[in-house]
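Below you'll find the structure, written out as structure tokens, and then a few comments.
The values are calculated or read from the model by the stated rules, or taken from the named source; none is laboratory data. Nothing here was measured: the structure is a model prediction, and the numbers come from that model. All Cβ positions, even for glycine, are placed from backbone atoms using ideal geometry, and neighbour counts span all protein chains on display. Note: areas computed on protein heavy atoms with side chains; ligands, DNA, RNA excluded. Shrake-Rupley method; radii C 1.70, N 1.55, O 1.52, S 1.80 Å.
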2 protein chains.
Amino acid sequence: VTARKAVTIGLIGLGVIGSGVAKIFKEKHQRLNSQANIPIILKRVADLDSNKKDSPFIDPAIFTIDANAILEDPEIDIVVELIGGENPAKEFIIKALSRGKHVVTANKEVLSKYGPELLTLAQEHNVSLLYEASVGGGIPLIAPLKRNLQINDISAIYTIINGTTNYILTKMENEGLEFPAALQEAQDLGYAEANPYSDIEGLDAAYKISILATIAFHTDIRFQDVYHEGISRTAPQDFRYARELGYAIKLLAIAKKAGDSVDVRVHPALIPEDTLLAKVDGVFNAVQVEGDLSDKVIFYGRGAGSAPTANVVVADIVHIARNISTGTVEVSEIPSSKTTAIKPIDQLESRYYIRMTISDQAGVLAQITRVLGEHSISISAAIQKEAYIKEKAAEIVITTHPAVESSVQEAIQEIEALAIVKQIGNLIRVEDLNR
Amino acid sequence: VTARKAVTIGLIGLGVIGSGVAKIFKEKHQRLNSQANIPIILKRVADLDSNKKDSPFIDPAIFTIDANAILEDPEIDIVVELIGGENPAKEFIIKALSRGKHVVTANKEVLSKYGPELLTLAQEHNVSLLYEASVGGGIPLIAPLKRNLQINDISAIYTIINGTTNYILTKMENEGLEFPAALQEAQDLGYAEANPYSDIEGLDAAYKISILATIAFHTDIRFQDVYHEGISRTAPQDFRYARELGYAIKLLAIAKKAGDSVDVRVHPALIPEDTLLAKVDGVFNAVQVEGDLSDKVIFYGRGAGSAPTANVVVADIVHIARNISTGTVEVSEIPSSKTTAIKPIDQLESRYYIRMTISDQAGVLAQITRVLGEHSISISAAIQKEAYIKEKAAEIVITTHPAVESSVQEAIQEIEALAIVKQIGNLIRVEDLNR
């Protein structure tokens, strides 16, 4: 081990998180150096947008539009990749690791799709690949899972891990807004992107839960293994019915041991209103981990935003710098490839909430109950609201006891075909959590 | 660095936590070895009670009643101190560190009273002293504070960190029990000790908040710096009045930046009922950390219990073993000695809840308001309940706007001396938290 005088950083991507990182380097440089026990130097910052040269947080002299000026600089020890998205971020990470540089990233998509290969590459080159900021923004999650909870046999992780959808659902619940209006408001406030597809359809949450599940279950779980379903079908009355039944509605990302397999999925869910997760509102995130030793542990905080996310990126940088100063490398565990099967969604056993519009006439509930019964689905609660007189229609809501997803889907198709049923309004899974 | 073949552990104290540690060693030995990247051997277990030799979790051959058989064994790398209390635990820790052994402990009292000296001793001998289990039982707190949140300027830590008192307060709130009955029930269930003094008078929480405050503010804060007040004065009607005002009552342990000084205290507090801390019930603990970068982060989980606490003890052991396997030592930051002043409680500025019994006659509230006004205390809300006819007495509750503690204490004395005031029932600080 040769004594090192400083650790040198190259930052690629000066967007929301990257600017936050540059700001911390500018404003808290002494703190970083003292926490790392070695000076940390931000040597170069790259962004395709040449206007970023004028960022108030960097010296223009260190700016470049060419990421290779960082990736190919032999003096740079740690590459911080903050451009997001799959390409060219993945190539940048591969190039950095292959040249023996440590990498810190917030890139959930790349980690979710290629994590095990990249961790293996890091191991081969004896460098660290850290990605705390990829999940849960400013909430410490990955480090405590690896450092404090790794002796547990984890049975389940229940998460609210997408701030955009949680903001929209909170608005809908509190103000009775329809989904499009709540989405528009989230966009106006900058909580949702112009193209909100990845957030509202659950892809973002699917990336994140696959990363957490991989660590928790020590097995290779990817984005493509995660069933995902978004929130666009949720209507204001779903929140009212849910509240009447004692539930809140949240977009949950779940990873759960189910016998020898793992059940990993993202979808809206009814959760009991007296649980802590039900109280997680607005853009906040929360992750509930359940282990045989620790029992229930919850981490809560800001799942996005410049300063909170940049904070954990910089903490990863400081961690690596401290290791460099002592001549060590923390090599990540490589998840074993598919030692655990992924349970297909149609084998899921869950409780369900079904909302439908029916003809307001005698014997309707009996017909629906019969179809459910034929698929071994029993009813736990039912709510029927006053008829819409004009249309001679009424809305009913049914919750079921635990049933198999494939049976429920078949039953729903048959119910929808009944003459007395006008429309299936929504089907939401019910998660009773561990209270 | 010589290559090591194994890491050897000596465990002192086979009580609730110690047995949990031995059980994990017995049942999850392979997991420990693989997480540490080196075999970990539990070589010796000491307890003064020779009956513990028959513990189902240890081989009787490794049992001893003599702690020195561990402290003086040159083969033992890590001493795990789990006897609790100040003496002889402190001497054991000093002896272990002085002989170049790493120490893992759950001992909040020793850390709170002697932490900086012990950390300095560890540094002098180039060994680690880890104590994650000393605060918040099974909740990862100290490691994430040091690893993920250390770049923050932390402004406040609000905690519910004593499970016994939180259980008692939850019982009182939910079932309308008087304090002695709720305490008895906690004792019957094993949630409170036969001698509950340290828990119910806030000493236990004071130990813990001083440890967290030391880490958060990088300054030397001890048990004796912490103002502490217990819960025994709390009455069932306080919960009813609090609810009417929109608050819950919790025993809070708080550490807060207040200008150039730090305000560290333990006392019952009214907190808004729509905050997450207000939802923390029973034996669960929660720690809310507020930083300039991270904003609000909350850690929640079991603050006590054999398996959860043993889990974080073992995680500390594994962490040191992994470092030994790579030839490194993680040396803790030594808090600077009193760079930050401790703000005396009588200078506290807070809102207050005052409950008192008065003569039911005209002009009473005017007299009380006059006394408060003379001390620059203004009223934010007042509740007066129906008179107890027989005694011609009524109960009134007042909450104040922010006022200085010393003024409030003086005003209370003057109010108590008024002829029309029969009794001051309770005085509780109001913490509006950061929502």
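Every condition in (1) more than 11 Å from every other protein chain (Cβ to nearest Cβ); (2) assigned to a loop (DSSP other than H, G, I, E, B); (3) under 30 Å from B:Thr275 (Cα atoms) holds for A:Ile377 except the one numbered (3).
Counting only residues that are modelled with pLDDT of 95 or more, part of a helix (DSSP H, G or I) and open to solvent by 20 Å² or more (accessible area, probe 1.4 Å), the range A:147-178 holds 5 of them. In summary, helices (runs of 4 or more DSSP H) completely within the range A:8-85 and bearing 1 or more residues that are under 18 Å from A:Val314 (Cα atoms) and over 31 Å from the mean Cα position of the chain (by Cα) occur at A:29-36.
Out of A:Asp238, A:Asp263, A:Asp281, report the one residue that is of a type outside the set (S, T, N, Q) and in a loop (DSSP other than H, G, I, E, B). Going through A:Asp238, A:Asp263, A:Asp281 in turn, the sole match is A:Asp281.
Matching residues to (1) more than 13 Å from chain B (Cβ to nearest Cβ); (2) within 30 Å of B:Glu290 (Cβ to Cβ); (3) not aromatic (Phe, Trp, Tyr):
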residue	(1), (2), (3)
A:Asp73	yes, no, yes
A:Lys90	yes, no, yes
A:Asn107	yes, yes, yes
A:Leu118	yes, no, yes
A:Ala122	yes, no, yes
A:Gly136	no, yes, yes
A:Leu141	no, yes, yes
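Looking at A:Tyr191, is it among the hydroxyl-bearing types (Ser, Thr, Tyr) and not in a helix (DSSP H, G or I)? Judged against the criteria, A:Tyr191 is a match.
Just to be sure before I move on: is B:Ile209 in a loop (DSSP other than H, G, I, E, B), hydrophobic (A, V, I, L, M, F, W, C) and open to solvent by less than 10 Å² (accessible area, probe 1.4 Å) in the structure I sent?
Details: in a loop (DSSP other than H, G, I, E, B): no; hydrophobic (A, V, I, L, M, F, W, C): yes; open to solvent by less than 10 Å² (accessible area, probe 1.4 Å): yes.
So B:Ile209 fails the test.
Exactly one residue out of B:Ala411, B:Ala403, B:Ala366 is surrounded by fewer than 16 Cβ atoms within 10 Å (Cβ to Cβ) and more than 30 Å from B:Leu130 (Cα to Cα), and it is B:Ala366. Given A:Ala96, A:Ala133, which one is crowded, with 24+ Cβ neighbours inside 10 Å and in contact with a His (Cβ under 9 Å, 6 or more places away or on another chain)? Result: A:Ala96 is the single residue among A:Ala96, A:Ala133 that is crowded, with 24+ Cβ neighbours inside 10 Å and in contact with a His (Cβ under 9 Å, 6 or more places away or on another chain). Looking only at residues that are part of a loop (DSSP other than H, G, I, E, B) and aliphatic (A, V, I, L, M) in the range B:332-348, which one is most open to solvent (accessible area, probe 1.4 Å)? Filtering first and then ranking leaves B:Ile334. Residues of the range A:284-329 that are among the β-branched types (Val, Ile, Thr) and surrounded by fewer than 21 Cβ atoms within 10 Å (Cβ to Cβ): A:Thr326, A:Thr328, A:Val329. Count of the range A:284-327 residues, restricted to those that are more than 7 Å from every other protein chain (Cβ to nearest Cβ) and part of a strand (DSSP E or B), is 8.
Tell me, please, whether a residue that is within 14 Å of chain B (Cβ to nearest Cβ) and free of Cβ contacts under 8 Å to residues at least 40 places away in the same chain can be found in the range A:352-371. Walk me through how you get there before you give the answer.
Quick first cut of the range A:352-371, residues within 14 Å of chain B (Cβ to nearest Cβ) only: none.
No, the range A:352-371 has no match at all.
Conditions (1) touching a residue at least 12 places away in the same chain (Cβ under 8 Å); (2) out of contact with any Ser or Thr (no Cβ under 9 Å at 6 or more places or on another chain); (3) buried (at least 17 other Cβ atoms within 10 Å of the Cβ), marked per residue:
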{"residue": "A:Arg4", "(1), (2), (3)": "yes, no, no"}
{"residue": "A:Leu32", "(1), (2), (3)": "yes, yes, yes"}
{"residue": "A:Ile38", "(1), (2), (3)": "yes, no, yes"}
{"residue": "A:Arg44", "(1), (2), (3)": "yes, no, yes"}
{"residue": "A:Lys52", "(1), (2), (3)": "yes, no, yes"}
{"residue": "A:Ala67", "(1), (2), (3)": "yes, yes, yes"}
{"residue": "A:Leu71", "(1), (2), (3)": "yes, yes, yes"}
{"residue": "A:Glu75", "(1), (2), (3)": "yes, no, no"}
{"residue": "A:Glu86", "(1), (2), (3)": "yes, yes, no"}
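In this entry, B:Gly363 is excluded by the filter for residues that are touching a strand residue (DSSP E or B) at 6+ places or on another chain (Cβ under 9 Å) and on the phi > 0 side of the Ramachandran plot. Tell me, yes or no, whether the range B:255-263 has at least one residue that is within 22 Å of B:Ile200 (Cα to Cα) and either within 10 Å of chain A (Cβ to nearest Cβ) or open to solvent by less than 20 Å² (accessible area, probe 1.4 Å) (or both). Within the range B:255-263, one or more residues are within 22 Å of B:Ile200 (Cα to Cα) and either within 10 Å of chain A (Cβ to nearest Cβ) or open to solvent by less than 20 Å² (accessible area, probe 1.4 Å) (or both). Among the residues of the range B:270-282, which ones are more than 10 Å from every other protein chain (Cβ to nearest Cβ) and surrounded by 20 or more Cβ atoms within 10 Å (Cβ to Cβ)? Scanning the range B:270-282 gives B:Leu270, B:Ile271, B:Leu277.
Every condition in (1) at pLDDT 95 or above; (2) within 27 Å of B:Gln347 (Cβ to Cβ) is met by B:Ala258 except one, and the failing one is (1).
Restricting the range B:102-127 to residues that are in contact (Cβ under 8 Å) with a residue 40 or more places away in the chain and surrounded by fewer than 23 Cβ atoms within 10 Å (Cβ to Cβ), the residue that is nearest to B:Gly202 (Cα to Cα) is B:Glu109.
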